[in-house]
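The block underneath contains the structure these notes are about, expressed in structure tokens.
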Amino acid sequence: MSAPKDQAPANNPPLLQAVTTALGTVIDPELRRPITELGMVDSVQVSEDGRVTVAVLLTIAGCPLRDTITDDARKALTAVPGVTAVDVDLKVMDQAQRDALKEKLRGPGGARTIPFNQPESLTKVYAVASGKGGVGKSSVTVNLATALAARGLRVGIVDADVYGFSVPALMGITQAPTQVDDMILPPVAYGVKVISIGMFVTGNQPVAWRGPMLHRALEQFLTDVYFGDLDALFLDLPPGTGDIAISVAQLLPKAEILVVTTPQAAAADVAERAGAIATQTGQKIAGVIENMSYLDMPDGGRMELFGSGGGTVLTGRLSSTLGVPVPLLGQIPLDIQLREGGDAGVPIVLGKPDSAAGVALADIAAQLAATPRGLAGMKLGLQPR
């Protein structure tokens, strides 16, 4: 923990130390690290009667979460025995302080790179793909991400479906990203860091871009957006095998593909193409998820509105094509509560965790969580003595 740069002498050094320790528990809501580690505590003063005055440096003047930082700091300090009152004075970092913050976050020189491609990165990257639209790919992405975050993992989402972005609405996000010079801090919902082109357009304005623009947008999301050290990153891809799917393979060659399909035979045929692209890109398929598998009936039976077996057929075909086993990770039933949760911006795994769809999605997330972060090819720095 770094000490505040201006720490005034106090008549009660133990109280000052307790106050400084308490500030270390205040987490920046965007960077998800203690404000003391980020150099955001400018000064701390403790008066004889126990009144604490702390100056906190915001990254930018218009920080959208300034009230959250103020409230969290006041709550942490008020809980310290001996503190009688708390004053939080908000200031703004100067350019030198912002440069120091960016270097702390990005490493020496603050280089703009794709951190998930670095040799030391342990982040599992999942590209959620489908052969066609309307199979619930975005709902699956959002629920898997929030389920993993609820298990204590650090998770991010890149809404790469530039034309059909929907992740912000499904997550209930209305906050815009915070920009610190050339670094973008993504909004956080349910413990998940999220970035989407929908956060940069006005209203329901359509995005009409050609391939090079799509590639550049995805590249900027991966280089300029600060996600920090994640356990898992999900990319919600547009349907099909177009420009974005190719760009993901180029920009994130270690990304694993999660293929979402419905039970219908025709949908499985189309989804096979989305998965078979791995033969051209050299990517691994993490598994197949069958959505809208069945509808539970009041009498305890099941109605298979879209047929059955599509997921199983797809895993068999992909296993044969790739020459390695491709698992069927789960079958998610039709559930009106899944749609209601999406409309309300509350993922069903959080809002209705005991529902049939919530349980199925949580089980798939548990399988992904059980897959360890990769150490393959990583130098551990061990030297013989």
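The values are calculated or read from the model by the stated rules, or taken from the named source; none is laboratory data. Remember, predicted model here, so these are calculated numbers, not experimental data. Virtual Cβ from ideal backbone geometry, glycine too; neighbours counted across all protein chains shown.
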* To do: Report whether or not residue 331 is buried (at least 18 other Cβ atoms within 10 Å of the Cβ), in contact with an Asp or Glu (Cβ under 7 Å, 6 or more places away or on another chain) and at pLDDT below 95.
  => no
* Which of the residues that make up segment 125-151 are of a type outside the set (Val, Ile, Thr) and assigned to a helix (DSSP H, G or I)? -> 137, 138, 139, 143, 144, 145, 147, 148, 149, 150
* Within segment 244-278, can you find the residues that are assigned to a helix (DSSP H, G or I) and either more than 19 Å from residue 162 (Cα to Cα) or not assigned by TED's automatic domain parsing to the domain that holds residue 308 (or both)? -> 265, 266, 267, 268, 269, 270, 271, 272, 273, 275, 276, 278
* Which one is surrounded by the most Cβ atoms within 10 Å (Cβ to Cβ) among residues in segment 48-70 that are charged (D, E, K, R) and closer than 19 Å to residue 185 by Cβ? -> 66
* Within segment 334-385, which residues are loosely packed, with under 15 Cβ neighbours inside 10 Å, at pLDDT 90 or above and of a type in the set (Lys, Arg)? -> 339
* Asked: Is it the case that segment 117-130 has a residue that's in contact with a strand residue (DSSP E or B) (Cβ under 7 Å, 6 or more places away or on another chain), among the aliphatic types (A, V, I, L, M) and under 14 Å from residue 227 (Cβ atoms)?
  -> yes
* Right, residue 131: assigned by TED's automatic domain parsing to the domain that holds residue 237, farther than 20 Å from residue 343 by Cα and not basic (Lys, Arg) or not? -> yes
* Asked: Within the group 119, 64, which residue is assigned by TED's automatic domain parsing to the domain that holds residue 269 and over 30 Å from residue 263 (Cα atoms)?
  -> 119
* To do: Report, by residue number, each residue of segment 306-327 that is in contact with a strand residue (DSSP E or B) (Cβ under 6 Å, 6 or more places away or on another chain) and in a loop (DSSP other than H, G, I, E, B).
  => 306, 326, 327
* Structure fact -> Picked from segment 180-199 (must be in a loop (DSSP other than H, G, I, E, B) and surrounded by 14 or more Cβ atoms within 10 Å (Cβ to Cβ)), the residue modelled with the lowest pLDDT is 181
* Asked: Here are some residues: 92, 125. Which one is among the aliphatic types (A, V, I, L, M) and surrounded by 17 or more Cβ atoms within 10 Å (Cβ to Cβ)?
  -> 125
* Pick out the one residue from 342, 287 that is part of a helix (DSSP H, G or I) and either within 28 Å of the chain's Cα centre (by Cα) or under 25 Å from residue 123 (Cα atoms) (or both). => 342
* Structure fact -> Within segment 247-282, the count of residues that are farther than 24 Å from residue 330 by Cα, at pLDDT 85 or above and surrounded by fewer than 18 Cβ atoms within 10 Å (Cβ to Cβ) comes to 2
* Asked: Among the residues of segment 109-124, is any at pLDDT 95 or above, within 23 Å of residue 249 (Cα to Cα) and in a helix (DSSP H, G or I)?
  -> no
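Residues are listed down the side, and each one gets a yes or a no for (1) hydroxyl-bearing (Ser, Thr, Tyr); (2) not in a strand (DSSP E or B):
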{"position": "329", "(1), (2)": "no, no"}
{"position": "333", "(1), (2)": "no, no"}
{"position": "350", "(1), (2)": "no, yes"}
{"position": "354", "(1), (2)": "no, yes"}
{"position": "359", "(1), (2)": "no, yes"}
{"position": "371", "(1), (2)": "yes, yes"}
* To do: Tell me which residues, restricted to segment 139-179, are of a type in the set (S, T, N, Q) and modelled with pLDDT of 95 or more.
  => 139, 141, 143, 146
* Asked: What is the one condition in (1) assigned to a strand (DSSP E or B); (2) small (Gly, Ala, Ser); (3) not assigned by TED's automatic domain parsing to the domain that holds residue 365 that residue 156 does not satisfy?
  -> (3)
